[in-house]
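Written below as structure tokens is the structure these notes are about.
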Amino acid sequence: MFVLIARDLKANFRLGSGIWLPLTMFLTIVVLIPIGIGPDIDVHMGIAPAILWIGVVFSLFLNLDRIFGPDLEDGTLERIATSELPLEKYVWAKVIVLWLSSGVLLAILTPFLGLLLNLPTRLGLVCSISILIGSPALATMGCLGGGIGVFNRHGNLLQAVIVLPMSIPVLIFGTKSVIAYSNGDAYLPWVLQLSGISLATIAIFPFLISYCLRTVLAE
Amino acid sequence: MSTSIWKFANPHHFSQMVESITPVLWVLSGCFITIGLGWGFFFTPDDYLQGSTVKIIFVHVPSALMAINCWLMMLVSSLIWIIRKHHISILAAKAAAPIGLSFTFLALITGGLWGQPMWGSFWAWDPRLTSFLILFLHYITYQLIWLYLINRQSAANISSLVCLVGSVFALLSRYAVNFWNQGLHQGATLSLDQETNIHDAFYYPLIFCIIGFVLLFITLVLVRTKTEVTHNQISLYEKLRSK
């Protein structure tokens with residue numbers, strides 16, 4: 001399993017597309033929304049957590065067909081399915097890779113992009129932490145999208161559209177925790193619910209994703 | 001086993017049953033909806049505050065009710081598919097999805113038409129409205145699976161998976177938006193445990209409408225499922241012939 005993680009991470013960092021594409025997408029979203037709104041700084045500050053969170057959601061769900069696609073094409077997936085390694089573990093490795101190579105990097109970039117939106121540094125860090133807590137859930141949902149996407153050879157928008165409605169609770173609790181912190185309210189309940197969703201999806205989704213992969217192998 | 005529901009997992013038995021009972025169901029649902037809507041629209045008094053816009057309730061409440069119950073029905077059928085792999089059950093879920101989508105859309109539209117004169121806007125980000133919009137999104141994504149996945153076996157597996165996960169997340173979103181604390185929509189119109197329901201003048205025609213909508217839903221699902229079964233048989237014959 002660690003071999004798998006190391007292999008995929010290496011591939012992502014060597015190719016570059018796996019890490020640079022989400023980061024660029026994130027930057028572009030955070031630049032485009034204020035341009036659409038206009039240069040009113042107060043408006044930007046009010047909606048900054050929402051912009052950052054939506055940016056992360058869209059950037060993570062960007063190229064989901066590359067999660068399982070290559071392995072399916074070159075037969076690696078079949079070898080793994082017939083080997084001793086449980087398919088769930090393989091899926092889990094993929095989730096961890098997606099989280100490390102997109103989620104964590106996006107969270108690191110968040111406070112810097114927060115400066116563009118006139119977000120105070122302290123609040124930017126809080127936003128970054130909430131994204132760090134919530135992005136494992138988004139990464140597992142993304143992998144579910146990837147598992148669904150392997151059936152679809154038309155284009156890679158379908159999988160993103162299917163998993164986007166699932167990200168709504170994460171988005172609500174994520175932005176709510178940042179807003180509660182900035183208002184001086186109790187923010188811990190929101191953070192706990194956010195981490196609860198993350199932990200539950202990490203525990204349950206690998207089984208669902210393996211179900212998708214078994215179905216595609218049976219085709 | 002002859003009286004068990006699993007008897008209708010056999011496509012032949014199922015089609016026979018549908019053919020024998022749909023005429024009755026069509027007539028019954030037509031009668032109930034005609035009586036309910038006719039009574040509701042023409043023989044109930046106008047509300048002293050809302051005027052005649054209150055009568056939208058006779059379409060709004062039953063369709064909202066059916067939108068949620070349709071998803072429940074799809075969830076149960078998807079579970080039956082995952083556990084026992086009966087084709088009829090997943091075809092029923094597939095057949096029910098567009099109907100549920102229409103009911104959700106109808107509830108949203110009628111709500112907006114009522115909200116424009118009453119609240120002053122077609123839409124408000126109120127918990128109930130938002131969770132219905134989220135349900136609408138989940139219906140659409142469920143439909144997309146059937147639209148884009150060519151292999152029917154895979155589509156059945158994946159769509160039931162999406163239905164299951166979607167139910168959990170739709171429910172989660174429903175409680176998450178509750179925390180916004182902006183209740184504009186009134187509480188439940190009908191409930192079993194509360195004293196204050198709506199006035200009797202509206203209550204009885206509403207019951208007729210709800211029964212009519214339920215019967216209509218059952219009829220439509222049965223007819224559409226039978227169409228799906230026939231569709232499957234035709235494609236099977238064509239496959240055999242091309243061999």
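General observations
Yes/no per residue for (1) of a type in the set (F, W, Y); (2) surrounded by 19 or more Cβ atoms within 10 Å (Cβ to Cβ); (3) within 17 Å of A:C143 (Cβ to Cβ):
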site	(1), (2), (3)
A:W53	yes, yes, no
A:V57	no, yes, yes
A:L60	no, yes, yes
A:A81	no, no, yes
A:P86	no, no, yes
A:I96	no, yes, yes
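- Total residues in the stretch B:34-81, condition farther than 20 Å from B:R224 by Cα, in a helix (DSSP H, G or I) and among the β-branched types (V, I, T): 8
- Any chance A:T215 is touching a helix residue (DSSP H, G or I) at 6+ places or on another chain (Cβ under 9 Å), hydroxyl-bearing (S, T, Y) and at the interface with another protein chain (Cβ under 9 Å from one of its Cβ atoms): yes
- Across the stretch A:118-139, not a single residue is classified as β-branched (V, I, T), more than 14 Å from the chain's Cα centre (by Cα), under 25 Å from B:S159 (Cα atoms) and crowded, with 21+ Cβ neighbours inside 10 Å.
- Any hit, the stretch B:26-33, residues being more than 18 Å from B:T110 (Cβ to Cβ), β-branched (V, I, T) and part of a helix (DSSP H, G or I): yes
- Any hit, the stretch B:155-162, residues being away from every other protein chain (no Cβ under 11 Å) and part of a helix (DSSP H, G or I): no
- Scope the stretch B:123-158; condition surrounded by 19 or more Cβ atoms within 10 Å (Cβ to Cβ), among the aromatic types (F, W, Y) and in contact with a Lys or Arg (Cβ under 8 Å, 6 or more places away or on another chain); matching residues: none
Results for (1) closer than 20 Å to A:I168 by Cα; (2) not small (G, A, S), shown as yes or no for each residue.
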site	(1), (2)
A:P70	no, yes
A:E78	no, yes
A:S83	no, no
A:G103	yes, no
A:C143	yes, yes
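- Exactly one residue out of A:A160, A:A180 is within 13 Å of another protein chain (Cβ to nearest Cβ), free of Cβ contacts under 8 Å to residues at least 12 places away in the same chain and at negative phi, and it is A:A180.
All of the numbers you see were taken from the coordinates with simple rules; none came from a lab. These numbers come from a predicted model, not from an experiment. Cβ atoms come from the backbone with ideal geometry, glycine included; neighbour counts cover every protein chain shown.
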